[in-house]
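The block underneath contains the structure these notes are about, expressed in structure tokens.
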Amino acid sequence: MKRTILCVICAAVFGGCAPGFNPDLSGLDGTDDGSTGGMDTGSGTGTSDGSTDDTGSTTDGSTDDTGSTGSTDTGETGTDTGEPDPLKPGDLCHPFAALLGEPECPMQTSCEYQFWDMQEKYHFWTCELTEGNGVFGEECDLNTNSCASGHRCAVEWTFAPGDCDALYCCAEQCDVLNPTCTGTDYTCAPLSQNTDDFPPFFQDTEIPYIGECAKP
């Protein structure tokens, strides 16, 4: 045993240590100063989305989105122009709608006088299929809508002599407030002097009640 120790000492004295031989025995005592490990401890403060910027710092990933694709709800389903709906066959109408700028009857219909509505208690007109377009003094059929808007089919004796050569002819209806009649010496006789005896919407127009041109 002594010989072995002696040989080691001698080798150290006479042979010297090998170049670069510098054994690190620090780890033999069970400690680690961590200076040579070079290991990533894995400690980090990454955000929920894990994104990082170029400097290595984390970001929250939020952006200012000015190009959103969501639609804006205006709460409307259409554009309201404020104009009344177009008339349909059978609807109430005004015989002078064209002069008033009111809705007119659709094509192939005209505004026909229907006399007195017993339920509503007024004189009324409706859009009916046109079977003629007769004007003052022209022959008409009492059972068909053969007179133009603003006229009605009337019996011959309501006309002045020579103005109707048939049993029935188209007579003019008129604006009581501004009466105009084609025939000579005809007067505008009101169907009623009470505006309540006409459809309510008539009162919102410049011709609130209607008359008929008749001989005196």
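Only the coordinates and a few stated rules stand behind these numbers; no lab work does. Here the structure is a predicted model, which means the values were calculated and not measured. Here Cβ is always computed from backbone atoms with ideal geometry, including for glycine, and neighbour counts include all displayed protein chains.
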Within the stretch 174-209, restricting to residues that are of a type in the set (Gly, Ala, Ser) and part of a loop (DSSP other than H, G, I, E, B), the one that is surrounded by the most Cβ atoms within 10 Å (Cβ to Cβ) is GLY183
In the stretch 138-165, the residues that are small (Gly, Ala, Ser) and assigned to a strand (DSSP E or B)
ALA154
Within the stretch 118-137, of all residues that are touching a strand residue (DSSP E or B) at 6+ places or on another chain (Cβ under 7 Å) and closer than 18 Å to GLN193 by Cα, the one surrounded by the most Cβ atoms within 10 Å (Cβ to Cβ) is TRP125
Please go through the stretch 143-159 and give me each residue that is under 10 Å from CYS169 (Cα atoms) and either within 45 Å of the chain's Cα centre (by Cα) or buried (at least 19 other Cβ atoms within 10 Å of the Cβ) (or both), ordered by number.
SER146, CYS147, HIS151, ARG152, CYS153, ALA154, PHE159
Could you check the stretch 93-117 and list, in sequence order, the residues that are surrounded by fewer than 20 Cβ atoms within 10 Å (Cβ to Cβ) and more than 18 Å from PHE201 (Cα to Cα)?
PRO106, MET107, GLN108
Counting only residues that are part of a helix (DSSP H, G or I) and closer than 20 Å to ASN143 by Cα, the stretch 89-130 contains a total of 0
